[in-house]
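Below is one structure; the comments refer to it alone.
The values are calculated or read from the model by the stated rules, or taken from the named source; none is laboratory data. Predicted, not measured: the structure shown is a model, and the values here were computed from it. Note that we place each Cβ from the backbone using ideal geometry, even for glycine, and neighbour counts take in every protein chain shown. Surface areas here come from the heavy atoms of the whole protein model, side chains and all, with no ligands, DNA or RNA. Shrake-Rupley method; radii C 1.70, N 1.55, O 1.52, S 1.80 Å.
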Amino acid sequence: MDYLWYESIGYEAVFTRVLLYRGLLFSGTIAVTVTTITHHTRRALRARKHFRMYRAGSFIERLNLPGRFDLTASIAAVILGVGVGGTISARVNEFLLFVYGGPWGVKDPLFGLDLSFFMFRLPFLQSVSSVLLSIILLASLGAMFVYVLTGAILPGRSVWMEPVAVSHLSGLAGSFLMLLAVNLFLAGYRVLYSPGGVVFGATYADARAVLPTLRLLSLAVALFGVLLLLSPRFSGVKKFYRPAALFLSLAVLARLLYPELVQRLYVAPDEARVEIPYIQYHIDFTRSAYALDRIREYEFRPEQGHQPDISSLEKVRLWDWRVLQDTFNQLQRIRPYYKFADTDVDRYEIDGEKTLVFLSARELDTRRLDESARTWVNLALKYTHGYGVVVAKGSGATVEGLPQFLVKDVPPVGTGVLQVTRPEIYYGELTDNYVIVMTREKEFDYPFGETNALTVYQGKGGVPVGSILRRSALAMRFGTYKILISPAITPDSRIMFRRNVREMAEAAMPFITFDNDPYVVLLDGRLVYVIDGYTTSSHFPYAQPSPAGFNYIRNSVKAVVDAYDGSVVMYVTDPSDPVMRAYASAFPGILKSSRDVPPALEAHFRYPVDLFMTQARMYVTYHMKDASVFYNKEDVWAVPQELYYGAAQEMEPYYVMLRLPGHSAEEFVLMLPFTTLATPNMRAWLAARSDPPSYGEMLVYRFPKDTNVFGPMQIESRIDQDPEISGSLTLWGQGGSRVIRGNLLVIPAGRSILYIEPLFLQSSENSLPELKRVIVAFEDRVVMAPTLREALRKAVGDTAKPSDATDIQALVNQAAGVFQKARERIKEGDWAGYGESMAELERILQLLVTLHQGKE
């Protein structure tokens with residue numbers, strides 16, 4: 001069934017190759033283990049005839065030990081071989097990189113070796129040497145057991161051994177020590193991953209004391225092993241046992257004591273000078289491992305009194321995805337069994353203008369079906385897919401404070417690039433159960449008035465059910481006989497399993513780490529999911545490990561899964577990554593080039609938040625490139641805090657449409673400000689570009705140290721201290737509403753910095769969040785207004801060019817809607833609501849007057 005699933009998405013080569021590699025490692029290790037153990041146990045058993053005390057009619061011979069033991073030893077060897085084989089076969093990723101990994105092109109400064117040795121060769125070599133060491137140890141224990149059983153070894157106050165046993169076990173001990181010496185020699189390279197010094201990686205004591213003593217210990221162990229191997233044939237070598245043992249003892253003592261003495265007596269008194277070269281290695285390799293060395297740095301000096309052009313800011317995103325997801329679920333869920341599990345940020349060309357929008361897929365959550373409806377027929381044959389998406393503008397709101405939908409309802413209504421022609425979602429983020437399509441039972445498509453629209457699947461997704469034999473296998477796999485006996489299932493039916501898009505990507509390319517947040521894209525009328533894939537490793541020399549354990553990461557893959565037919569396409573987005581090149585060589589033809597990405601799809605690729613935050617958390621320290629500054633921690637930054645739901649939390653990076661300093665066009669950017677560790681003042685902001693051809697470029701804009709720029713929490717404090725704003729917040733809270741402060745956005749505008757924070761109100765009776773106010777902070781001013789445009793003009797002044805007739809017409813339409821709402825509230829006797837509507841109408845009319853005067 002697994003093979004058929006891989007075949008259905010065109011990735012059967014991955015399944016067969018991984019299975020082949022695992023099988024080779026597993027069977028090869030079993031063969032070596034069984035051969036080694038049985039050889040030495042049988043040799044020990046055959047040696048009994050050479051014992052000084054051997055008698056042909058002894059008790060041992062009467063037990064027929066040789067015949068019985070041979071079978072027992074073979075079975076035991078196979079069992080042990082399976083255990084050892086399972087250990088090495090789990091290292092198939094190391095094996096692939098060992099075989100297919102090419103040169104890195106960079107050498108480490110301590111050994112002068114190409115980094116490919118540490119990334120691709122060393123991990124597998126250490127695994128193999130450890131396995132061989134285990135096999136020799138097991139063979140030695142098996143041989144000793146036989147010798148004890150046959151009387152060649154007599155335990156007591158002093159152990160007595162037959163000479164033939166001494167000779168055999170000496171050879172095994174010598175082999176064990178030789179392999180141990182190899183292990184110790186390879187361990188010397190691990191000093192590049194030493195965690196105990198002033199920084200991660202080799203420090204002075206590691207390079208000058210730990211490494212030499214490891215090499216010395218390896219040599220001493222190897223020498224003693226050679227003596228043991230030679231002793232059975234050359235009895236004269238025994239006289240070297242004592243000198244070799246003394247040498248080994250001194251080597252062990254040196255390994256234990258010398259590094260500590262060097263650290264305490266030489267390094268510690270002058271650490272700042274002695275460790276400088278090694279700190280520099282650590283900085284340079286950490287920056288390289290996380291691609292921080294690719295970040296371009298600029299100075300950003302805000303100009304006091306500079307008037308930014310607010311016309312480019314009036315469409316800044318206001319909605320917070322967390323708030324918007326609740327809104328979607330209340331307004332557009334349509335039926336209880338639908339759910340918007342995730343809300344994604346993207347940009348689309350709408351009316352000739354690139355517009356930031358929020359999208360969310362309407363997925364089917366069968367757990368929300370009524371218990372009486374959760375039958376096998378409904379779960380497996382009837383309720384098979386979700387339906388459509390909702391799309392809302394990232395900026396602005398309706399008069400009621402609700403999102404402005406661009407795509408909504410069922411069937412989904414959209415135009416242009418937002419037209420949905422294939423809304424069915426068979427593969428998504430909530431699709432965790434199997435379904436069977438193209439059966440005699442028509443599927444539920446979407447609710448249609450008081451009835452339901454039905455459909456029959458028309459795609460090629462899933463595995464053909466086929467013959468009775470395959471149906472039997474499916475019945476066993478999914479634990480139900482109903483697949484076997486259901487009259488609705490035909491040979492042409494298809495079963496869809498493993499439908500979660502992230503799990504599909506992980507199964508299709510098991511050596512890639514995939515992002516936790518797949519995002520849906522509306523592409524040529526179809527819905528597809530994009531999942532960012534990362535190559536990671538914990539073997540990059542000198543580089544600081546992340547909290548997740550890896551110390552190297554690249555966003556080298558974009559996986560694209562079609563929501564209707566489940567097709568999976570992997571695109572290589574970073575061909576310069578040596579790890580990615582190794583996987584591409586291991587699975588030729590599976591990974592497509594970035595040149596094959598359709599332009600319409602590439603336009604929706606976005607820099608992933610998980611990678612961005614990993615890099616940002618490293619950059620707060622590793623922006624310091626000078627070893628002396630780094631050692632003294634003179635300029636450590638921090639990811640700032642923000643308020644959300646009244647509590648302080650680490651600020652999340654946010655996607656915005658932004659005109660970067662020095663650039664003329666707006667673009668889709670992921671950004672995050674930094675503060676200093678010691679104070680809440682803002683020190684810099686980091687941006688990652690997503691639009692082609694600049695995808696993946698990262699820029700950091702530093703504020704001069706002599707410039708004081710407010711950080712996010714300082715702005716939050718100023719908002720709380722403003723009498724008008726704090727009074728309104730208190731009043732709304734007392735009126736039974738909950739105030740939700742959305743993302744505080746730090747927006748560069750020309751040579752200025754603005755801070756924008758939306759306010760949402762959520763009543764206790766109706767949990768629907770509504771966008772009611774926008775706060776803008778600029779220089780020494782903090783203002784609040786019903787719309788972003790008003791807030792910007794109050795904070796900055798009217799620097800915008802007069803709007804055209806389209807803006808005037810939009811305001812006229814908005815005024816008509818507010819007036820109609822006011823009339824409805826009069827009919828309902830809601831005089832307070834009528835007063836609010838009239839105040840809103842007055843505001844719109846004032847804007848119309850202003851625009852009209854501007855045109856004159």
Q. On the accessible surface of the range 650-766, probed at 1.4 Å, how many percent belong to carbon and sulfur atoms?
A. 50 percent
Q: For an R0 of 35 angstrom, estimate the FRET efficiency from the Cβ-Cβ distance between Glu650 and Arg335 and round to the nearest 0.05.
A: 0.45
Q | Heavy-atom surface of the range 206-338, accessible at 1.4 Å and reported per residue (Å²) | A | 53 Å²
Q.
Need one number: convex hull volume per residue for the range 92-246, Cα atoms only, in Å³.
A. 164 Å³
(Q) Considering only C-alpha atoms, what is the centroid distance from the range 398-455 to the range 308-363, in Å? (A) 17 Å
Q) Distance in nm between label sites at Ile79 and Gln721, each 7 Å beyond Cα in the beta-carbon direction? A) 7.5 nm
Q) Using the Karplus equation 6.51 cos²θ - 1.76 cosθ + 1.60 (θ = phi - 60°), what ³J(HN,Hα) coupling, rounded to whole Hz, does each residue of the range 143-148 give in order, writing x for Gly and Pro? A) 5, 4, 4, 5, 5, 5
Q) What label, among [x] 51, 33, 30; [y] 65, 39, 21; [z] 63, 46, 28, belongs to semi-axes √(5λ) of the Cα gyration tensor in Å computed from the structure on display? A) [y]
Q. Relative contact order for the range 459-577 using alpha-carbon pairs under 8 Å, separation at least 6, rounded to a whole percent?
A. 20 percent
Q: Find the Cα radius of gyration of the range 330-409, compare it with 2.2 N^0.38 Å by division, and give the number to two decimals.
A: 1.35
Q: Only helical DSSP H runs with n ≥ 4 go in: add -39500 (n - 2.57) per run for the chain, normalise by residue count and round the 222 nm mean residue ellipticity to 500 deg cm²/dmol.
A: -13000 deg cm²/dmol
Q: Hey, can you grab everything whose amide H is under 5 Å from the amide H of Arg773? Only 5+ residues off in sequence or another chain; H modelled, so Pro and N-termini drop out.
A: Leu759
Q. What pairs in Lys442/Lys592; Lys558/Lys633; Lys794/Lys821; Lys408/Lys442 have C-alpha atoms more than 29 Å from each other?
A. Lys442/Lys592; Lys558/Lys633
Q. Can you list the HN-Hα couplings for the range 204-213, worked out from phi with the Karplus curve (6.51, -1.76, 1.60; θ = phi - 60°), rounded to whole Hz and with x for Gly and Pro?
A. 4, 5, 5, 6, 9, 10, 5, 4, x, 6
Q: Return the percentage of antiparallel bridges among DSSP beta bridges fully within the chain, rounded to the nearest 5 %.
A: 95 percent
**Q.** Bins of 10 Å, starting at 0 and running to the largest distance - Cα pair percent for the range 348-452
**A.** 13, 38, 29, 16, 5
Q) Val812 to Ser312: FRET efficiency via 1/(1 + (r/R0)^6), r the Cβ-Cβ distance, R0 25 Å, to the nearest 0.05? A) 0.55
Q: When you have a sec, figure out the Kirkwood radius of the range 549-628 from all distinct Cα pair distances and drop it here in Å to one decimal?
A: 15.0 Å
**Q.** Protein-only accessible surface order, largest first, of Phe405, Phe340, Phe185 at 1.4 Å
**A.** Phe185, Phe405, Phe340
(Q) Please compute the per residue accessible area over the range 101-185 with all protein chains in place, 1.4 Å probe, rounded to a whole number of Å². (A) 43 Å²
Q: Could you state the orientation-averaged shadow area of the convex hull built on the Cα atoms of the range 462-621, in nm² to one decimal?
A: 12.6 nm²
Q) According to the Cα gyration tensor, what semi-axes, each the square root of 5 times an eigenvalue, does the equivalent ellipsoid of the range 433-549 have, listed from largest to smallest in whole Å? A) 37, 22, 11
Q) In degrees from 0 to 90, rounded to the nearest 10, what is the angle of the helix 712-721 Cα long axis to the longest principal axis of the chain? A) 40 degrees
Q: Determine the per residue accessible area of the range 410-450 with all protein chains present and a 1.4 angstrom probe, expressed in square angstrom.
A: 47 Å²
Q. For the range 759-790, which GluC sites (Glu not before Pro) are both in a DSSP coil and crowded by at most 12 other Cβ atoms within 10 Å?
A. Glu765
Q. If contacts are Cα pairs under 8 angstrom and at least 6 residues apart, what is the relative contact order of the chain in percent?
A. 11 percent
Q: Rounded to the nearest 10 degrees, what's the angle between the helix 609-622 long axis and the longest principal axis of the chain, both from Cα atoms, 0 to 90?
A: 70 degrees
Q: Give the angle, between 0 and 90 degrees and rounded to the nearest 10, that separates the Cα long axis of helix 723-734 from the longest principal axis of the Cα atoms of the chain.
A: 80 degrees
Q: Work out how much length Ser130 to Ile485 would gain on full extension: take 0.36 nm times their residue separation and subtract the Cα-Cα distance, in nm to one decimal.
A: 122.6 nm
Q.
In the range 212-229, whose amide N lies under 11 Å from the spot 7 Å out along Cα-to-Cβ of Val237? List them in ranges.
A. 223-229
Q) Under a 5 Å amide H to amide H cut-off, with H placed in plane at 1.01 Å, what residues pair with Tyr654 once short-range neighbours are removed? A) Met671
**Q.** Using a Förster distance of 30 Å, the FRET efficiency for Asp70-Trp160 (Cβ separation, nearest 0.05)
**A.** 0.70
(Q) I'd like the per residue volume of the convex hull spanned by the Cα atoms of the range 683-727, given in cubic angstrom. (A) 104 Å³
Q) If amide H atoms are built 1.01 Å from N in the plane of the peptide, which residues on other chains or at least 5 residues away come under 5 Å of the amide H of Arg317? A) Met657
